Amino acid sequence: MSALIPLWLALAGGAGAVARFMLDGAVRRRWPTDFPFATLVINVTGSFALGVLTGAVAAQRMGPEALLIAGTGFLGGYTTFSTASMETVRLLHNREPLRAVLYGLGGAALCLLAAWGGILLA
């Protein structure tokens, strides 16, 4: 493994965080709502992309170092489990238990399906 991997991981993680910030703003401007739709879009698309990368490595179309940098680095900075968790708690705090359950469980299910779809696509 290359000694430059930590540098590439840091750069990819920063790029992923910037991509998340930009997409979050674009989704919120396009569909203004108090429902955390932007985070859902980010996590589902990130899960799909990680599925594609994982499938590509499994099919030996991509090396494990590329998965490490793109998956752990970029997609680790792009997706956000902690924000999704806090948004679920915020919905509960705002006395919206049905929306909280739908968001929490529905989001997890959508992310799993997206990752599976990405693997199948690859």
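The values are calculated or read from the model by the stated rules, or taken from the named source; none is laboratory data. In this text the structure is predicted, and so the values were computed from the model without any measurement. Methodologically, a virtual Cβ is constructed for each residue, glycine included, from the backbone with ideal geometry; neighbour enumeration extends over all protein chains shown. When the accessible area is computed, the model is the full protein with side chains, heavy atoms only, and any ligands, DNA or RNA have been set aside. Shrake-Rupley method; radii C 1.70, N 1.55, O 1.52, S 1.80 Å.
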Might you check whether a residue that is buried (at least 19 other Cβ atoms within 10 Å of the Cβ) and among the aromatic types (Phe, Trp, Tyr) occurs anywhere in the stretch 72-79? yes
Tally up the residues in the stretch 72-122 that are among the aromatic types (Phe, Trp, Tyr), under 18 Å from Arg20 (Cα atoms) and in contact with a helix residue (DSSP H, G or I) (Cβ under 6 Å, 6 or more places away or on another chain), please. 2
Assess whether Gly107 counts as being under 12 Å from the mean Cα position of the chain (by Cα) and either part of a helix (DSSP H, G or I) or among the aliphatic types (A, V, I, L, M) (or both). yes
Taking the stretch 86-122 and keeping residues closer than 24 Å to Ala12 by Cα and loosely packed, with under 13 Cβ neighbours inside 10 Å leaves Leu121
Considering only residues that are in a loop (DSSP other than H, G, I, E, B) and open to solvent by less than 70 Å² (accessible area, probe 1.4 Å), which ones fall in the stretch 1-52? Ser2, Phe35, Pro36
